[in-house]
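Step one of this worksheet: look at the structure below.
The values are calculated or read from the model by the stated rules, or taken from the named source; none is laboratory data. The structure displayed is predicted, hence computed values, not measured ones. Backbone-built Cβ (ideal geometry, glycine too); neighbour counts: all protein chains shown. Accessible surface is based on the protein model in full, side chains and every heavy atom, while ligands, DNA and RNA are left aside. Shrake-Rupley method; radii C 1.70, N 1.55, O 1.52, S 1.80 Å.
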Amino acid sequence: MPKTGDVSSSEGVAADELKQFIERIERLEEEKAGIAADVKEVFAELRGRGFDAKAVRSILRIRKKDHAERQEEEAILELYMQALGMS
């Protein structure tokens, strides 16, 4: 592992490798910002067409979960709502 001192002179390979990692991360961060802007644009279009963005975000969260996890969460929610007299 390179020392925290001068990595450019005695360990040129490590400095080059570090620079490559940093540049890759910077490119990925740029792509991530572009994708975030695209998602924001889709949500704006969605709202413009009359859909509820909050409901769509909830659906997206639900779709990320597997069926068993979703069932367990729904069962716990139903149990708590019954305990509070909400169902």
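Quick notes on this structure:
- Extreme residue, modelled with the lowest pLDDT, among residues of region 1-32 that are among the small types (Gly, Ala, Ser) and surrounded by 10 or more Cβ atoms within 10 Å (Cβ to Cβ): Ser8
- Every residue from region 33-64 that is open to solvent by less than 100 Å² (accessible area, probe 1.4 Å), among the charged types (D, E, K, R) and either in contact (Cβ under 8 Å) with a residue 24 or more places away in the chain or part of a helix (DSSP H, G or I) (or both): Asp38
- Unmet criterion (only one of (1) open to solvent by 100 Å² or more (accessible area, probe 1.4 Å); (2) in contact with a helix residue (DSSP H, G or I) (Cβ under 9 Å, 6 or more places away or on another chain)) for Arg70: (1)
- Contacts under 8 angstrom Cβ, first residue in region 67-85 being in contact (Cβ under 8 Å) with a residue 60 or more places away in the chain, partner in a helix (DSSP H, G or I) and surrounded by fewer than 11 Cβ atoms within 10 Å (Cβ to Cβ), 6 or more apart: none
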